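Enquirer: Please see the structure below; I have some questions.
The values are calculated or read from the model by the stated rules, or taken from the named source; none is laboratory data. Source: prediction; values computed, not measured. Positions of Cβ are backbone-derived with ideal geometry, glycine not excepted, and every protein chain shown enters the neighbour counts.
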Amino acid sequence: MKQKGSILELVNRRGFLGALPYGLGATAMALTNPATAGDLTPHPSRFPGKAKRVVHLFMNGGPSQVDTFDPKPLLDKYHGKPVPEASLRTERKTAGVMRSPFKFQKYGQSGLEVSELFHLTATRHADRLCVVRSMFAEVPNHEPSLMLMNTGDGRLPRPSLGSWLLYGLGTEGENLPAFVVLCPGGLPIVGVQNWRSAFLPGAFQGVHLDTSQTDPTKLLENLKHQKWNSNDRREQMNLLAKLNLEHLAKHPGKDAAHAAMEARMESFELAYRMQAEALGALDLSDEPKILKDRYGDTIHGRQLMLTRRLLERGVRMVQVWSGGGQPWDNHDGLDGQHRSLSRSWDQPICAFLDDLLQRGMLEDTLVLWGGEFGRTPVAELPGLSGRDHNHYGFSVWMAGGGVRGGTTYGATDDFGFQAVEKPVSVHDLHATMLHLLGFDHEKLTFRYAGRDFRLTDVHGEVVRGLLA
Amino acid sequence: MACKPQLCWIGCAFWATFAFPAKGEEPVDFEKHIRPLFVEHCLACHGPKKQQASLRLDSRNHALTGGESGKVIVPGKPDASALYQHLLSDAEKRMPPKNPLSKEQITKIRDWISQGANWPKETVVVAAKASDLWALKTPVSPPIPKGVASIPCKDPIDRFIAEKIHKEGLALAPVADPRTLYRRASFVLTGLPPTPEKMEAFLNDKRPDAWQWALEELFEGTAHSERWARHWMDVSRYSDTKGYVFFQDGQYPWSWAYRDWLIRAFREDRRFDGFIKAQIAADRLLETGRGPVEDLPALGFLALGGRFMNNNHDIIDDRIDVVSRGLLGLTVTCARCHDHKFDPVSMADYYSLHSVFANSVEPEVPPLFGAPPITPEYEAFRKELVLREEKLVLLIREKHQKNLSASKERLAEHLIVLQTLRGKPAQDDFMLLTDPNEPNPTLLKRWRVWLDSPAQKTDPIWGLWWRIEGLPPEGFAQKLALLLQDKIIQSPKDLVAGIEKAKPNTLAEAAKAFAGFVTKTLSPQDRNAPWNTPQAAFTDLELFPDRPSQAVLQDLRKKVEQWRIDGKGAPPRAHALVDTPDPKPGRIYLRGNPLRPGPEAARIIPPSIGRSMPITSGSGRLELAETITHAQHPLLVRVWVNRVWMTCFGEGLVRTPGDFGSRGEPPTHPELLDHLAHSFIEDGWSTRRLLRRILSSASWARSVQIPAGSLEKDPENRLLSHQSSRRLDFEALRDSMLLVSGRLNPSVSGPSSKDLNAPRRTLYLHIDRLQIPGILRNFDFPSPDATSPKRDQTTTPIQALWLLNNPFGMVCAEGLAKRAGDSAKADAWTNALFRIALQRPPSKEETTTIKDFLTKQGPDGPVRAAQALLASNEFTFVD
């Protein structure tokens, strides 16, 4: 590291220090991490990744595959009757088959079959969607399934996918947290565990914004001082820099502590600028009206518009939740609830994909849509108007970021109950996502407690059929 | 689980030398692809025990040297490598002789050789033997080096350091000035800066032993015990909650009692062996008259871990981990699914420890840890508790009676359900749920087992039913008629006649007729009969398997438990463990899977954790406590002494304080470590004496000025030629802000506070495993998911934003500005400001800088200046 003379020079070296997770002070982090000794800098990927960032549209609660992306005509025929072969064991009591209240049709050149619930998205983007119809999870309970989907382990505290991405990729931007979680109206089940960094450093955890708030200053903590504006503070920042430079001059030896002092000085300059820039990112008021209309002035419309703005500013992963609790968990009244939920999502997703496409961002943005599991093709007792949890088989889709669009992969049985053809585990999905980001999932490891941990633990295979 | 060492990410230097795979070849990873093949197929004959044809394949050196017939591996040339050729050979020469490798496996070996036969130097194929691992050897007291004439030494510590410095030809930093040293000592011992008054008093103390007096004063205050309790809370993964446990209450109501116990232990400088023993087996020590009841909260060390959605095996694993990694620096939990790959810990060892904790459970009612007060308030509390308990007991008893009578009165219905369950395997219910009024599933199970028993199959009454329920539905009536005429079983005539008379066409009708006769005859005397099942045979969930009744039960239970927790006059209790009344040996779970029990695990404390002992009583926790605190145990004291050293120097003598195994770093000064460990025990296991020694040594007192040549020869300062500046952790930073702003509430101990802005020391913050306040994690507060050997140190703008904009920081800045006096008298104010915040007077330039700043700024100037000081590097770094 070369000697610097002025605060300006110091600040200008930012690009040079490019690191984690705010483009900041890799030196400070690397040299002081006990477990890794220098291993917190971004990892050279094994091969160039197609995707550089991830958006996870999390339909928490578990959307029904047979009502969205996995049509099963037999459900009509058997409506009200038991599944001919022995029904799989469900979490709660279930009865006979329940037909889908929604119409399916073929879309695009690929003829991808999607239900009316996602009519707009399918109309414009069917040929970009890569639908995995043979997903399966481990148990039919929300908690372990959410943790499995997010962290690769159903019970034990493990870092989330987003934390692993920051660990592996570092960040492009500097003025925003690099892993952002948008969830309106409270937290989902198991809360912040869904985006925790566990044994990875705390800076790698997701930063949650309650997107039911529309005032940008309320979205992110500590972005704004109660009464002082940014101009008020310039002098103060200069004073701080001056004090720090004098202190640094008393510590001329270039050891780890010196680097940590420099990094910390820099962090204040960044924080100072972040106040304005992050607020700018979170403030949607400068978006053109025509675009706002396309997304729709709804929570999910605003969430996805915000997502795009975050991605543009170098955020690595945005996880967008349906809402607090488990909105898609429609044990009864599925017809009405799935309809209104998908209505709140279909238009924003369609506009979001369009927007990314127009800006040339879709090709290196990996979009994942799905829940923690699916729902049973049989009706749940006693209401007979909804479906129970189903971990045996469910659908997710991906788009952009190097996935093969306009395809379906794998299949469930004739009733959509269980993945039977080319089943894809959550670990396989993670391995494939990491692959698209340029990582061998077996190589992206972190030494902790005497072991090298990875997102996929000892499991997972890249599903080649999903790659473009 | 992924336990492979990290070979390919060492860094760019490594990449430069990596032989890239040819086209069409997958890159072969030695660790992943090759090592397992060698271990499984080769080492039995070509390993450390046997070396057929003088060939060993357990280390790089041996393998590349080859055997009797010369080299067997020629890197880059598989065809010239005998090892590869033997895999391909015909039956006679083929290796391995019995079970040849698969095509894919052979291809891997070929690709590995052609890619350069990369085999990281340090990687040994088999686990280290206990005798090879330095940390498992009993420390012997090493001779104290004579020292080096040119280096003044104050303590034997300094001679160990000087010897190496001298050998490496390094220069030494001078001793730091008294002001720096006092500030440093204050942070090490108390986590707080000295007040300006204390600083001045120390600087003016001309007594020859002023330093000793200063240290004693720092030890004496409560701040020292609070700071060191917090250090220990990193080890013990302290949290006030259980993590996610479904609908249950996730709070530990008396977790703070453990924290209070720690504070007291450090205040009393409790002997370290006793300190550890209490945390593992306070209940057993109390039972055997060797420990006081006041020690029961110490068991929070084990009990306050995460609860992992109540998965018992994960809970046990966590307890094994906190003991083995937290106290002994061993990564024992690697052996949950397979033998440890690097350290001498086998699965058998793991499951011996597993059984210790499997036989240790939480008592249903947490114990008091002192006599309850004799007050009217407590008496009222106790009366109410009894009332609530009685209601609960009554509910359970009634429900049980109701189940039993239902099975008698609605016998026909039960018999039909039983028939449908016949021959079906037991269901692995993840949630055993029924509807209200349905026959009780657990009772049905007992019925089924009872009906299927040989005695009942030949019973004149039940044997008849057993046959009836086996009849197929087609032509039921006829087949029943035939069966009733059959005289194999001497069924009572009136029973047979009764059924015949009913002319049942279906099983349901038959059941009705049968039940009509039998119900009257069910004897209350028959102890083994299902209708007399004792209440103890049911768990709560089994007794109340439907949601509505479960809710009623939970409600009454909650009323009891809640009252015990926060009823008026409720005394605090300990989160303790007790041994199960009838401890059972455990089994090894193959691949860590509880559904695949293997051989029985020995009832011992396994030697691989440093020292062995048979378990003779109870769960074995007492033996565990005694074994690891034995003076000859190689690890406990080394690990603790290393932590103490780390707190004083920023780095331990072993820089991986949670891993003393073969994958951890070896000590930089092994003799010094052993010397300290030895003298620690000789000094009566006193942490305070150890701290006193270290803080009085010349090595600790060195300045942070880096001597010439040191960065080049020893960039990480492993030889300690100087001290290194260190950043405050979050607690010390926040506490210091409170202190210098005059806001710190000095009250000690008591329950946790959920208010992030409360002016108490940070260790009293409520730590919720599920919701750790973001700012704590952003300041590298350790995740309480598992024991934390060492803090991360990251630098982010989120931290800076907290200091700049959070109201907490503002209130502190206001307090500090006010404490410094009247800012109109700028010189005096600046002087006071620096003395309070940084424990030194400002330089002339700094005074000018501040004065200029105040002149330019409006009325908010002083607060802004104070805030800048709180945010400054000098405030947050300790020299």
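Enquirer: Restricting attention to region A:224-266, which residues are in a helix (DSSP H, G or I), among the polar types (S, T, N, Q) and more than 7 Å from chain B (Cβ to nearest Cβ)?
Expert: At the first step, the residues of region A:224-266 found to be in a helix (DSSP H, G or I) are A:230-249, A:256-266.
Now drop any that are not among the polar types (S, T, N, Q), which leaves A:230-231, A:236, A:238, A:244.
Listed by number, the residues that qualify are A:Ser230, A:Asn231, A:Asn238.
Enquirer: May I pose another question? Would you check if there is a residue in region A:289-303 being charged (D, E, K, R) and closer than 30 Å to B:Thr830 by Cβ? Even if it seems obvious, please write down each step before you answer.
Expert: Residues of region A:289-303 charged (D, E, K, R): A:289, A:292-294, A:297, A:302.
With closer than 30 Å to B:Thr830 by Cβ added as a condition, the list becomes none.
There is no residue in region A:289-303 that is charged (D, E, K, R) and closer than 30 Å to B:Thr830 by Cβ.
Enquirer: Follow-up question, since we're still on this one. Please state which of the following conditions B:Arg110 fails to meet, knowing it meets all the rest: (1) assigned to a loop (DSSP other than H, G, I, E, B); (2) basic (Lys, Arg); (3) at pLDDT 80 or above.
Expert: Looking at each condition in turn, B:Arg110 falls short on (1).
Enquirer: Next question. Condition test on A:Arg294, is it among the charged types (D, E, K, R), in a helix (DSSP H, G or I), within 28 Å of A:Leu57 (Cα to Cα) and touching a residue at least 60 places away in the same chain (Cβ under 8 Å)?
Expert: Yes, satisfied.
Enquirer: Consider B:Val811 against the criteria (1) touching a helix residue (DSSP H, G or I) at 6+ places or on another chain (Cβ under 7 Å); (2) β-branched (Val, Ile, Thr); (3) modelled with pLDDT of 95 or more: it satisfies all of them except one. Which criterion is unmet?
Expert: B:Val811 satisfies all of (1) touching a helix residue (DSSP H, G or I) at 6+ places or on another chain (Cβ under 7 Å); (2) β-branched (Val, Ile, Thr); (3) modelled with pLDDT of 95 or more except (1).
Enquirer: Mind listing whichever residues of region A:267-294 are under 30 Å from A:Leu120 (Cβ atoms) and under 24 Å from the mean Cα position of the chain (by Cα)?
Expert: A:Gly280, A:Ala281, A:Leu282, A:Asp283, A:Leu284, A:Glu287, A:Leu291, A:Lys292, A:Arg294, listed by residue number.
Enquirer: Do you know which residues across region B:340-361 are farther than 13 Å from B:Gly598 by Cβ, at pLDDT below 95 and not hydrophobic (A, V, I, L, M, F, W, C)?
Expert: Within region B:340-361, B:His340, B:Lys341, B:Asp343, B:Pro344, B:Asp349 qualify.
Enquirer: Then there is this: Please go through region B:578-599 and pick out each residue that is of a type in the set (Gly, Ala, Ser) and surrounded by fewer than 17 Cβ atoms within 10 Å (Cβ to Cβ).
Expert: Within region B:578-599, just B:Gly598 meets the criteria.
Enquirer: Follow-up question, since we're still on this one. From B:Ile374, B:Ile396, grab the single residue that is exposed (fewer than 12 other Cβ atoms within 10 Å of the Cβ) and either assigned to a helix (DSSP H, G or I) or on the phi < 0 side of the Ramachandran plot (or both). Break it down into steps so the answer makes sense when it comes.
Expert: Details: B:Ile396 fails: exposed (fewer than 12 other Cβ atoms within 10 Å of the Cβ).
Only one candidate qualifies: B:Ile374.
Listed here are the residues, each with its yes/no results for (1) without any contact (Cβ under 8 Å) to a residue 60 or more places away in the chain; (2) within 20 Å of A:Pro71 (Cβ to Cβ); (3) over 22 Å from the mean Cα position of the chain (by Cα).
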| position | (1), (2), (3) |
| --- | --- |
| A:Ser322 | no, no, no |
| A:Asp329 | no, no, no |
| A:Ser342 | no, yes, no |
| A:Val367 | no, no, no |
| A:Glu372 | no, no, no |
| A:Arg375 | no, yes, no |
| A:Val378 | no, yes, yes |
| A:Val396 | no, yes, no |
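Enquirer: Moving on. For region B:790-800, does any single residue satisfy the condition of being at the interface with chain A (Cβ under 7 Å from one of its Cβ atoms) and of a type in the set (A, V, I, L, M)? Walk me through it before giving the result.
Expert: Restricting attention to region B:790-800, the residues satisfying the condition of being at the interface with chain A (Cβ under 7 Å from one of its Cβ atoms) are B:790, B:792-800.
Within this subset, residues satisfying the condition of being of a type in the set (A, V, I, L, M) are B:798, B:800.
Checked region B:790-800: at least one residue is at the interface with chain A (Cβ under 7 Å from one of its Cβ atoms) and of a type in the set (A, V, I, L, M).
Enquirer: Go through B:Arg743, B:Arg760, B:Arg718 for me and flag whichever is more than 10 Å from chain A (Cβ to nearest Cβ), among the charged types (D, E, K, R), closer than 25 Å to A:Pro252 by Cβ and assigned to a loop (DSSP other than H, G, I, E, B).
Expert: Details: B:Arg743 fails: closer than 25 Å to A:Pro252 by Cβ; B:Arg760 fails: closer than 25 Å to A:Pro252 by Cβ.
Only one candidate passes the filter, namely B:Arg718.
Enquirer: Now for a different question. Assess whether B:Ala282 counts as being of a type in the set (A, V, I, L, M, F, W, C), touching an Asp or Glu at 6+ places or on another chain (Cβ under 9 Å) and closer than 30 Å to B:Gly592 by Cα. Outline the logic, then answer.
Expert: Details: of a type in the set (A, V, I, L, M, F, W, C): yes; touching an Asp or Glu at 6+ places or on another chain (Cβ under 9 Å): yes; closer than 30 Å to B:Gly592 by Cα: yes.
In short, yes.
Here is a yes/no grid of residues against (1) within 14 Å of chain A (Cβ to nearest Cβ); (2) of a type in the set (D, E, K, R); (3) surrounded by fewer than 22 Cβ atoms within 10 Å (Cβ to Cβ):
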site	(1), (2), (3)
B:Ser255	no, no, no
B:Arg270	no, yes, yes
B:Gly289	no, no, yes
B:Pro292	no, no, yes
B:Leu328	yes, no, no
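Enquirer: Take the residues of region A:226-255 that are more than 25 Å from B:Pro842 (Cα to Cα) and free of Cβ contacts under 8 Å to residues at least 12 places away in the same chain: which is nearest to the chain's Cα centre (by Cα)?
Expert: If we take residues in region A:226-255 being more than 25 Å from B:Pro842 (Cα to Cα) and free of Cβ contacts under 8 Å to residues at least 12 places away in the same chain, then A:Gln226 is nearest to the chain's Cα centre (by Cα).
Enquirer: Additional query: Looking at region A:140-170, which of its residues are out of contact with any strand residue (DSSP E or B) (no Cβ under 9 Å at 6 or more places or on another chain), modelled with pLDDT under 90 and more than 8 Å from every other protein chain (Cβ to nearest Cβ)?
Expert: Passing the criteria: A:Gly154, A:Gly168, A:Gly170.
Enquirer: Any residue in region B:661-672 that is more than 10 Å from every other protein chain (Cβ to nearest Cβ) and free of Cβ contacts under 8 Å to residues at least 24 places away in the same chain sitting within a Cβ distance under 7 Å of a residue that is of a type in the set (Ser, Thr, Tyr) and in a loop (DSSP other than H, G, I, E, B)? List the pairs, counting only those 6 or more apart or interchain.
Expert: none
Enquirer: If you don't mind, there's one more thing I want to ask. What strands (runs of 3 or more DSSP E), lying completely within region A:353-468, carry at least 3 residues that are over 21 Å from A:Met59 (Cβ atoms) and within 14 Å of chain B (Cβ to nearest Cβ)? Break it down stepwise before answering.
Expert: On the way: elements: A:365-370, A:374-380, A:387-390, A:394-399, A:407-409, A:419-421, A:446-448, A:451-453.
Strands (runs of 3 or more DSSP E) meeting the threshold: A:446-448, A:451-453.
Enquirer: Considering only region B:804-824, state which residues are part of a helix (DSSP H, G or I), more than 14 Å from chain A (Cβ to nearest Cβ) and farther than 12 Å from B:Leu870 by Cα.
Expert: Within region B:804-824, B:Lys818, B:Arg819 meet the criteria.
Enquirer: Follow-up question, since we're still on this one. Quick one: is B:Asp768 acidic (Asp, Glu), over 24 Å from the mean Cα position of the chain (by Cα) and more than 8 Å from chain A (Cβ to nearest Cβ)? Outline the logic, then answer.
Expert: Numbers: acidic (Asp, Glu): yes; over 24 Å from the mean Cα position of the chain (by Cα): no; more than 8 Å from chain A (Cβ to nearest Cβ): yes.
No, not satisfied.
Enquirer: Here's a follow-up. Residues that are in contact (Cβ under 8 Å) with a residue 40 or more places away in the chain: find the helices (runs of 4 or more DSSP H) completely inside region B:164-274 holding 3 or more of those.
Expert: Numbers: elements: B:178-190, B:196-204, B:210-220, B:222-235, B:255-267.
It comes to B:178-190, B:210-220, B:222-235, B:255-267.
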